[in-house]
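The values are calculated or read from the model by the stated rules, or taken from the named source; none is laboratory data. This is a predicted model, so every value here is computed, not measured. Note that each Cβ is placed from the backbone with ideal geometry, even for glycine, and that neighbours are counted across all protein chains shown.
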Ligand code: FE
């Protein structure tokens, strides 16, 4: 038996924030990040709309990027005091992810993070509140997914929470909010969305429900990401929908080792953070070459290329076209082709390689990758992504 779960409602298009005016509830808490939603006036609109719906509104502001356990606990405490029946999370991935975890601790104060990290083991939520998510970036799609990532800085661990209980009840995908993204963020989040769709399409858990969502998302990213990056707001609006479709696919089909590699290298080097979408964009073509040694995955990558109208008649030629297309997108948007080009120091890379490879193999996303990988193979794969060498194993 398999399961396919999405939010009950997805409101999309310009002015979809207005749906909040008709939302049922008595008390709403709004969870937001660092201030851009306030600066651009979206926070005021959300608060005013909720008040118009007759709700008392409280704010939980300043959720940091890569939200911490402490922030989650403070938010859960604020919820315990205010007793909301509606939780509205708004912003990039971080405030929405944090609010999902706050929600669990608000409903079950006695629970611990250790209880929650076993995938798909959450207690039944929605006893106290329902959850509305409003994304401001076009990438993570956390507004429609069953996932949240919370960081325990004292232990240096990221808790990847996964359960359909934290799939929001309502997603509001209003493209006007994403129009505020700067170009670099547009590039990185757009490539994150493309990676979600491609990994979901070849995942071992892909299904007839997730495939069409993944393919449509890939097609829209190919059609609209370059123009969105250049500042065309019609294209930006389409990308906001495309990333959501990709999220609907991967929330159910899960991901693969591009994400395993990105998760374990994002904060691994002293030269600075590698943004999530940028890491995915670098790794994606190498992983396609690695996974394509698996016959089934090979056929599915070739199918993506064929459906997107890329050149080639043989599977190998089609897959080369797909990788060239990704290389070309990265080049246009200033994303490096290798970790070396990104600025990772060779000595540090070599020193940390074995640990990073081992951690990446152990990542939660490795399980649904279409080709199994050993730590030794992962080391070789990382080495290819460092120097830009051919993946031939
Ligand atoms: Fe991602």
In contact with a helix residue (DSSP H, G or I) (Cβ under 7 Å, 6 or more places away or on another chain), modelled with pLDDT under 95 and within 14 Å of the ligand (Cβ to nearest atom): is that true of residue 190 in this structure? no
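Quick check, is residue 258 away from the ligand (no atom under 16 Å from the Cβ), in a helix (DSSP H, G or I) and under 22 Å from residue 159 (Cα atoms)?
Here the answer is no, as residue 258 does not meet what is asked.
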The conditions are (1) away from the ligand (no atom under 16 Å from the Cβ); (2) surrounded by 24 or more Cβ atoms within 10 Å (Cβ to Cβ); (3) part of a helix (DSSP H, G or I), and residue 237 fails exactly one of them. Which is it? (2)
All positions within the range 267-323 that are part of a loop (DSSP other than H, G, I, E, B) and within 16 Å of the ligand (Cβ to nearest atom): 267, 273, 274, 275
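Here is a yes/no grid of residues against (1) touching a residue at least 40 places away in the same chain (Cβ under 8 Å); (2) in a strand (DSSP E or B); (3) within 16 Å of the ligand (Cβ to nearest atom); (4) under 24 Å from residue 226 (Cα atoms):
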residue: 148; (1), (2), (3), (4): yes, yes, yes, no
residue: 172; (1), (2), (3), (4): yes, yes, no, no
residue: 180; (1), (2), (3), (4): yes, no, no, yes
residue: 185; (1), (2), (3), (4): yes, no, yes, yes
Of (1) more than 16 Å from residue 218 (Cα to Cα); (2) within 11 Å of the ligand (Cβ to nearest atom), residue 247 satisfies every one except (1)
Condition test on residue 206, is it outside any strand (DSSP E or B), in contact (Cβ under 8 Å) with a residue 12 or more places away in the chain and under 16 Å from the mean Cα position of the chain (by Cα)? no
Hey, among 135, 109, 160, which residue is surrounded by fewer than 22 Cβ atoms within 10 Å (Cβ to Cβ), at pLDDT 95 or above and outside the structural domain of residue 238 (by TED's automatic domain parsing)? 109
